[in-house]
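The values are calculated or read from the model by the stated rules, or taken from the named source; none is laboratory data. Since this is a predicted model, take the numbers as computed values, not measurements. Cβ placement follows ideal geometry from the backbone for every residue including glycine, while neighbour counts extend to all protein chains displayed.
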Amino acid sequence: MTTRIKLFLVDNLVWIINIGLYAFFAVLNPQGFLTLRNVEFILYTSSMIGFLVFAEALVLTTGNMDLSLAQNAGLSAMVGGFLLGVVFTGLPGWVGILIVIATGAALGAVNGILVGKIGYNAFLGTLATYLIFDWSTSWIRRGAIVNLPDSFLAPGEAQVGGVHVAIFIFLGAVLLLHFVLRKTKFGLHIYASGGNPDTTEMMGVDVGNVLLWVFTIGGALAGISGLLYVGYVTSVTSTIAEGTIFNAFAGAIIGGISLRGGRGRITGAMGGVILLGILEAGLTMLNVDPSVRGVLTGVVLLVAIFINMTISKLRDEILMPS
């Protein structure tokens, strides 16, 4: 087997696992699982957590982490929903959409300044903003906001030809992020900053600026996630995206994003997202208790870390001169 084939199999291991997992649930429940409707449902539910996974994947690629992404999604959605549904009830929905994404980007920029400019440890810095964002969401509004424009709910609720618009947004984001990471100078700087930040600085790249932009983009992606969650539940609550940060980590890590930084692909992260979607759909169809599914989330994260470690070792062994 040639080195190129070995690398292809290692880099796409998550997709091989996806096929096996889908086949497993299909055998257990063929009538419910082997339908186009189920595939559409998996992609639809994956789109929401997917943007958090992509955001975490970007940050991990720089050798950092962001614990506040889920809270960012919730706070961004709350700010947009509160302005549209309570303060300025006459505003069009598209303005609210821009507000949510802009808020997410601004919150992400706060993390970028803390980590990239001031020099905070990413774990500690984003843990602090996790708490700030979380309590700010509850402070703005504890109850649900339901009187929202249809256009504001459209990204997460609307359908075209029986397919949710969120799926097209999700796939479009994959293509755009893949292009940025693999085909642009900024993408090269992201990988370089995670792989060897000191050498990258000596080459004239301002790593602090790269981190600022990565956290800001990650925040905007979190805002989009919050927007899709709002359309899914057709309201804004203080619990939007709550508890999903662990799934975001799991999806990115199991998709091959290196915990050491400098390595990984957004298509791999997409595979991690799909795996989480298949697992959730399969367990739901089998009527597994929600508390048991919560325990399995932790198990999935452990497995994800093991797979990530294995992928890194296999890749190093393949590339190591014999």
Legend entry - Residues being part of a helix (DSSP H, G or I), over 11 Å from the mean Cα position of the chain (by Cα) and not β-branched (V, I, T) - total across region 243-290: 12
Inset, instruction - Check whether at least one residue in region 166-186 is out of contact with any helix residue (DSSP H, G or I) (no Cβ under 7 Å at 6 or more places or on another chain), free of Cβ contacts under 8 Å to residues at least 12 places away in the same chain and at positive phi, and report yes or no. - result: no
Legend entry - Test result for G261, touching a Leu at 6+ places or on another chain (Cβ under 9 Å), at positive phi and not hydroxyl-bearing (S, T, Y): yes
Inset, instruction - Return only the number of the condition from (1) within 26 Å of P155 (Cβ to Cβ); (2) of a type in the set (A, V, I, L, M, F, W, C); (3) assigned to a helix (DSSP H, G or I) that I240 does not satisfy. - result: (3)
Legend entry - Yes/no for T297 being at pLDDT 90 or above and buried (at least 16 other Cβ atoms within 10 Å of the Cβ): no
Inset, instruction - Please enumerate the residues belonging to region 39-76 that are among the small types (G, A, S) and either surrounded by 24 or more Cβ atoms within 10 Å (Cβ to Cβ) or within 15 Å of T216 (Cα to Cα) (or both). - result: S46, S47, G50, A55, A57, S68, A70, A73, G74, S76
Inset, instruction - Need at least 3 residues that are at pLDDT 95 or above, under 17 Å from the mean Cα position of the chain (by Cα) and over 22 Å from S151 (Cα atoms) per element, so show me which helices (runs of 4 or more DSSP H) inside region 167-234 make the cut, counting only ones lying wholly within it. - result: 207-233
Inset, instruction - Give region 193-215 a look and list any residue that's buried (at least 17 other Cβ atoms within 10 Å of the Cβ) and among the acidic types (D, E), or say none. - result: none
Legend entry - Qualifying residue in region 125-144 (condition: touching a Leu at 6+ places or on another chain (Cβ under 6 Å), without any contact (Cβ under 8 Å) to a residue 60 or more places away in the chain and not charged (D, E, K, R)): yes
